[in-house]
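The values are calculated or read from the model by the stated rules, or taken from the named source; none is laboratory data. For clarity, every value in this text was computed on a predicted model and none was experimentally measured. Here Cβ is always computed from backbone atoms with ideal geometry, including for glycine, and neighbour counts include all displayed protein chains. Accessible surface is based on the protein model in full, side chains and every heavy atom, while ligands, DNA and RNA are left aside. Shrake-Rupley method; radii C 1.70, N 1.55, O 1.52, S 1.80 Å.
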Amino acid sequence: ITYGLMVHYSLKAAEQLEKEGISVEVVDLRTISPVDMETIISSVKKTGRVIVVQESQRQAGVAGQLLSEISERAFMYLDAPVGRVTSPDTTFSFGSIPKISEFNSISPFVVPSCLNNVTFVILSFLLPYLLFRFNCCFNFY
């Protein structure tokens, strides 16, 4: 069971396993909200095994939620423990984050002067707040 970029890698892995005589069913979720649990449960009933593949880190990912739902709804159909393949949990050193102004030459947008000294932190929920708080906008080329 996978979604996004990992669908392509999962299909390649399935092709390789098919050459070795192992049958694999790849379920592409297409969306993670809402999750198509009926398809997932029917796949569990059919195969008896589950591996969830995600690109993001192991902690607090979609895979954990999917495995929780599968263990609640389809536990009796499983022939083996569920598994998940994820990126490793890593830490990000905040001391090494460059300033936004240092990204200006690399970035596709012009940094407003009100943000020149703000530390560049990649948090998607923080950007709208900053734009609202400092009354500025990004100019795209």
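Residue-by-condition table, conditions (1) closer than 15 Å to Tyr3 by Cβ; (2) touching a Cys at 6+ places or on another chain (Cβ under 8 Å); (3) aliphatic (A, V, I, L, M):
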| site | (1), (2), (3) |
| --- | --- |
| Val44 | no, no, yes |
| Val52 | yes, no, yes |
| Glu55 | yes, no, no |
| Arg58 | no, no, no |
| Val62 | yes, no, yes |
| Leu67 | yes, no, yes |
| Ser71 | no, no, no |
| Met76 | no, no, yes |
| Arg84 | yes, no, no |
Inset, instruction - May I ask you to verify whether Leu17 is surrounded by 15 or more Cβ atoms within 10 Å (Cβ to Cβ), hydrophobic (A, V, I, L, M, F, W, C) and on the phi < 0 side of the Ramachandran plot? - result: no
Inset, instruction - Please specify each residue of the stretch 23-69 satisfying the condition of being part of a loop (DSSP other than H, G, I, E, B), under 17 Å from Ser10 (Cα atoms) and polar (S, T, N, Q). - result: Ser23, Thr31
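The rows are residues; the columns are (1) open to solvent by 80 Å² or more (accessible area, probe 1.4 Å); (2) hydroxyl-bearing (Ser, Thr, Tyr).
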{"site": "Met37", "(1), (2)": "no, no"}
{"site": "Ser42", "(1), (2)": "no, yes"}
{"site": "Lys45", "(1), (2)": "yes, no"}
{"site": "Gly61", "(1), (2)": "no, no"}
{"site": "Gln65", "(1), (2)": "yes, no"}
{"site": "Ser71", "(1), (2)": "no, yes"}
{"site": "Met76", "(1), (2)": "yes, no"}
{"site": "Thr86", "(1), (2)": "no, yes"}
Legend entry - Pair list, Cβ < 8 Å and 6+ apart or interchain, from the stretch 3-18 residues that are under 16 Å from Ser56 (Cβ atoms) and without any contact (Cβ under 8 Å) to a residue 60 or more places away in the chain to residues that are in a helix (DSSP H, G or I) and of a type outside the set (D, E, K, R): Tyr3/Val62
